[in-house]
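Single-structure report; data block below.
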Amino acid sequence: MNQWSLSLKAYIKPNLLIILPLGLLAGIPYGMIVDPLNYWLSKSGVDRSAIGLLSLVFLVYSIKALWAPLVDRLQIPLLRNLGQRKSWLLLSQFFAFFFLIAIGLNDPKSNLDLLVSCVLALAFFSATQDICLDALRIELVNKEELGQSAAVYQLGWRVGGVYISQVLGLLIGGMIGYSFAYVVVAIVFLGLSIFIFF
């Protein structure tokens with residue numbers, strides 16, 4: 001066996017392969033806020049300065065450390081049986097799914113304020129999901145595998161954030177419509193979310 005195949009073998013372990021869908025889930029909502037949304041707003045005639053201001057939504061991901069201690073300590077009463085991480089994960093994924101659908105059902109021309117509110121809420125719940133997914137990723141592997149798990153997670157994030165969200169979102173958006181694209185990507189997100197809990 002050559003060095004390359006030995007290196008690759010280190011990443012193909014059951015506990016590391018479980019990390020891949022975690023990365024996919026983290027990337028999908030983020031990716032839908034980037035290009036598909038900007039392109040949809042541009043095609044709908046929304047002013048470029050308003051689209052530029054919408055990029056401030058990404059600050060939510062930068063400040064998620066502010067509410068991470070709450071996610072780590074507060075229990076969700078109805079979901080306690082799932083455990084601390086998975087209860088917050090389920091809650092944040094439910095709302096991320098909900099707001100992906102809500103964005104898809106909105107019309108940027110007639111109700112931009114509501115759309116921006118939904119995008120902000122999606123960013124918040126997506127960032128909260130990231131907190132849970134990072135903690136879950138660290139708990140699923142041995143200390144020696146943290147570097148490999150981070151690499152697998154980032155691969156999943158890139159596939160979810162670029163290929164599923166942006167490429168699929170732009171492709172469906174261009175062919176059928178961006179409302180439909182958001183609904184399709186939300187369903188893919190829901191399917192991956194269900195996979196995590198089984």
- Pair list, Cβ < 6 Å and 6+ apart or interchain, from region 73-95 residues that are closer than 10 Å to PHE125 by Cα to residues that are of a type in the set (Phe, Trp, Tyr): SER92/PHE125; PHE95/PHE125
- Query: Given the structure, is TYR153 without any contact (Cβ under 8 Å) to a residue 12 or more places away in the chain, among the hydroxyl-bearing types (Ser, Thr, Tyr) and within 18 Å of PHE189 (Cα to Cα)?
  - Reply: no
- Test for SER92: is it of a type in the set (Gly, Ala, Ser), in contact with a helix residue (DSSP H, G or I) (Cβ under 8 Å, 6 or more places away or on another chain), on the phi < 0 side of the Ramachandran plot and buried (at least 19 other Cβ atoms within 10 Å of the Cβ): yes
- With respect to ARG85, determine if the residue is closer than 16 Å to LEU22 by Cβ, in contact with a Gly (Cβ under 7 Å, 6 or more places away or on another chain) and part of a helix (DSSP H, G or I). no
- Task: Return the total of residues in region 104-144 being under 14 Å from LEU37 (Cβ atoms), crowded, with 19+ Cβ neighbours inside 10 Å, under 15 Å from the mean Cα position of the chain (by Cα) and touching a residue at least 24 places away in the same chain (Cβ under 8 Å).
- Result: 4
- Would you mind finding the one in GLN154, GLN166 that is within 20 Å of SER42 (Cα to Cα) and within 19 Å of the chain's Cα centre (by Cα)? GLN166
- Item | Of all residues in region 1-60 being of a type in the set (S, T, N, Q) and modelled with pLDDT under 80, the one that is farthest from ALA102 (Cα to Cα) | ASN2
- Message: Just to be sure I understand the filter: pairs with C-beta atoms under 9 Å, separated by 6 or more residues or on different chains, first member in region 46-66 and under 15 Å from PRO108 (Cα atoms) and touching a residue at least 40 places away in the same chain (Cβ under 8 Å), second member of a type outside the set (A, V, I, L, M) and in a helix (DSSP H, G or I). Which pairs pass?
- Response: VAL46/TRP40; LEU54/ASN38
- Kindly indicate which of GLN93, GLN166 is of a type outside the set (Lys, Arg) and either outside any helix (DSSP H, G or I) or modelled with pLDDT of 95 or more (or both). GLN93
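Part of a helix (DSSP H, G or I), closer than 19 Å to LEU22 by Cβ and at pLDDT 90 or above: does that describe LEU155?
Here the answer is yes, as LEU155 does meet what is asked.
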- Taking region 177-198 and keeping only residues that are outside any helix (DSSP H, G or I) and more than 16 Å from ILE101 (Cα to Cα), one is left with PHE197, PHE198
- Query: Can VAL71 be described as over 16 Å from the mean Cα position of the chain (by Cα) and either surrounded by fewer than 13 Cβ atoms within 10 Å (Cβ to Cβ) or assigned to a loop (DSSP other than H, G, I, E, B) (or both)?
  - Reply: no
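The values are calculated or read from the model by the stated rules, or taken from the named source; none is laboratory data. Computed from a prediction, not measured in an experiment: that's the story for all the values here. A quick note on method: Cβ atoms are made from the backbone with ideal geometry, for glycine too, and the neighbour counts reach across all protein chains shown.
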